[in-house]
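K.L.:
I am attaching a structure below and will ask some questions about it afterwards.
None of the figures in this text is laboratory data; all of them are computed from the coordinates on show. Only a predicted model underlies this, so the values are computations on that prediction, with no experimental measurement involved. Ideal geometry is used to build each Cβ from the backbone, glycine not excepted, and the neighbour counts take in all protein chains shown.
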Amino acid sequence: MGELARRPLGRGAITLTELGFGGASLGNLYRITGEAEARAAVDRAWEHGIRYFDTAPHYGLGLSERRLGDALRDRPRDEYVLSTKVGRLLQANPTPTRLDTEGFVVPGALHRVWDFSADGVRRSLDSSLTRLGTDHVDIVYAHDPDQYASSAARQGLESLAGLREEGVVGAIGVGTNSTEGLAGLMADGLLDVVMLAGRYTLLEQGALATVLEPARRTGTAVVAVGVFNSGLLSLVRPTAESRYDYRAVPREVLDRALRLAEVCEAYGVAVPAAAIAFPLRHPAVVNVSLGMRNARQVDENVARYQADVPEALWSALADAGLLAAG
């Protein structure tokens, strides 16, 4: 169906397609995704030219990694970029539950144990490589270290640095929805890439000063995820039933989203298309990755990514006070 534009990951040899495939839905996030449905989503992404695929042990207690590995196993390994995450080590659950308790519709036979130590990171990655059916991953992120401890990001990155030197990992970073401490990690040269969830979107630009500009100055790449802010910006006309940051949308946020929609409509642009295009305007952002549960969602998101967004729209949004300067 065609090639997608690529951007280099900082100073290294890795390049990412501007649109990436986020694998949380392959782990049955919030509801069951059938085996055929999951496989069709990855196959359709490949047909569209998407060559960056992201997953994590957290997503369905390893189910996402297994499904993604199965779907990519017969693809040329040097033609795509694969990332996973460390920090949540999967172990047998001493008190098994019928279902996982963290949002994934899978049996609770395993549970997650926070561990950013060198040993924990290596064990986690070894297990991920087995589930993925590959001998290396291109990018590994310390996953949500801020949710565990203030020192976890630095500890995780130091653990990953050794694996990068061994060639098991191509690039290392942090995947988080928190901006705290990232600029310091960049300044210390510990990060190749940041996967930033929901903090640099049409609705939120606070990360411009705290993450995006430090990334630009230090040559750190940014992968933008959560650009629909948990679904609010995935609709042409946001509604009160939409979710924002995984919760019910506050009235003031909904009002802002509706104002965004009005300006976008005046320029013939759908809100989801603008939501994808916006982060890619910043020079530090190399990719926008989206969760895609089935082939239809892949088709929709590729069409949104490819939509024409006039430059005048951004000026109009800024004039309306809906975009931060920069």
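K.L.:
Just from its helices, what would the mean residue ellipticity at 222 nm be for the chain, if runs of 4 or more DSSP H residues each count -39500 (n - 2.57) and the sum is divided by every residue, rounded to the nearest 500 deg cm²/dmol?
P.N.:
Working: 10 runs with 109 residues, N = 326.
So the calculated ellipticity at 222 nm is -10000 deg cm²/dmol.
K.L.:
So what is the relative contact order for region 132-272, in percent, with contacts set as C-alpha pairs under 8 Å and at least six apart?
P.N.:
Details: 223 pairs, mean separation 23.3, N = 141.
The normalised contact order for region 132-272 reaches 16 percent.
K.L.:
Taking the Cα atoms of region 1-61, what is the range of coordinates along each of the three principal axes, in descending order and whole Å?
P.N.:
Principal-axis extents of the Cα atoms in region 1-61, largest first: 37, 28, 13 Å.
K.L.:
Something else about it: Testing the spin-label approximation: label points 7 Å from Cα along Cα→Cβ at Glu102 and Ser230. State their distance in nm.
P.N.:
1.7
K.L.:
Here's a follow-up. Pull out the extension gain between Glu300 and Ala5, defined as 0.36 nm times the separation in residues minus the alpha carbon to alpha carbon distance; nm, one decimal.
P.N.:
104.4 nm
K.L.:
Quick check: Cα centre of region 136-214 to Cα centre of region 286-326, how many Å?
P.N.:
The distance from the Cα centre of region 136-214 to that of region 286-326 comes to 23 Å.
K.L.:
Sort Glu158, Glu79 by Cβ crowding within 10 Å, fewest neighbours at the top. Don't skip to the answer; put the middle values down first.
P.N.:
Details: Glu158 16, Glu79 9.
By the 10 Å Cβ count, ascending: Glu79, Glu158.
K.L.:
Further, regarding this structure: Which ³J(HN,Hα) values in Hz, rounded to whole numbers, follow from the phi angles of region 236-249 under the Karplus curve 6.51 cos²θ - 1.76 cosθ + 1.60, where θ = phi - 60° and Gly and Pro get x?
P.N.:
Listing the rounded values in order: 4, 10, x, 10, 5, 7, 5, 9, 9, 6, 6, 10, 4, 6 Hz.
K.L.:
Rounded, prolate or oblate: pick one for region 138-270, where a ≥ b ≥ c are the square roots of the eigenvalues of its C-alpha gyration tensor, a/c under 1.5 means rounded, and failing that, prolate if a/b is larger than b/c, else oblate. It would help to have the intermediate numbers written out before the result.
P.N.:
Details: a/c = 2.56, a/b = 2.22, b/c = 1.15.
The shape class here is prolate.
K.L.:
So how many Å³ per residue does the convex hull of the Cα atoms of the chain work out to? Can you show the working numbers first?
P.N.:
Details: hull volume 41.7 nm³, N = 326.
Looking at the chain, the number lands at 128 Å³ per residue.
K.L.:
Can you tell me how much longer the chain between Asn93 and Ser151 gets when fully stretched, taken as 0.36 nm per residue apart minus their C-alpha distance, in nm with one decimal?
P.N.:
Details: separation 58, 0.36 × 58 = 20.88 nm, distance 2.61 nm.
Going from the current span to full extension adds 18.3 nm.
K.L.:
How big is the dipole moment of region 267-315 about its Cα centre under a simple scheme where the beta carbon of each Lys and Arg is +1, that of each Asp and Glu is -1, and everything else is neutral? Debye, nearest 20, please.
P.N.:
In debye, rounded to 20, region 267-315 gives about 160.
K.L.:
Between Glu47 and Glu213, what length in nm is gained on full extension when 0.36 nm per residue of separation is reduced by their alpha carbon distance? Walk me through the numbers before you get to the answer.
P.N.:
Working: separation 166, 0.36 × 166 = 59.76 nm, distance 3.42 nm.
Residue separation times 0.36 nm, minus the Cα-Cα distance, leaves 56.3 nm.
K.L.:
Something else about it: Which of Tyr305, Tyr267, Tyr141 comes first, and how do the rest follow, when ranked by fewest Cβ neighbours within 10 Å? Could the numbers behind the result be given before it?
P.N.:
Values: Tyr305 21, Tyr267 16, Tyr141 28.
Listing Tyr305, Tyr267, Tyr141 from fewest to most nearby Cβ atoms yields Tyr267, Tyr305, Tyr141.
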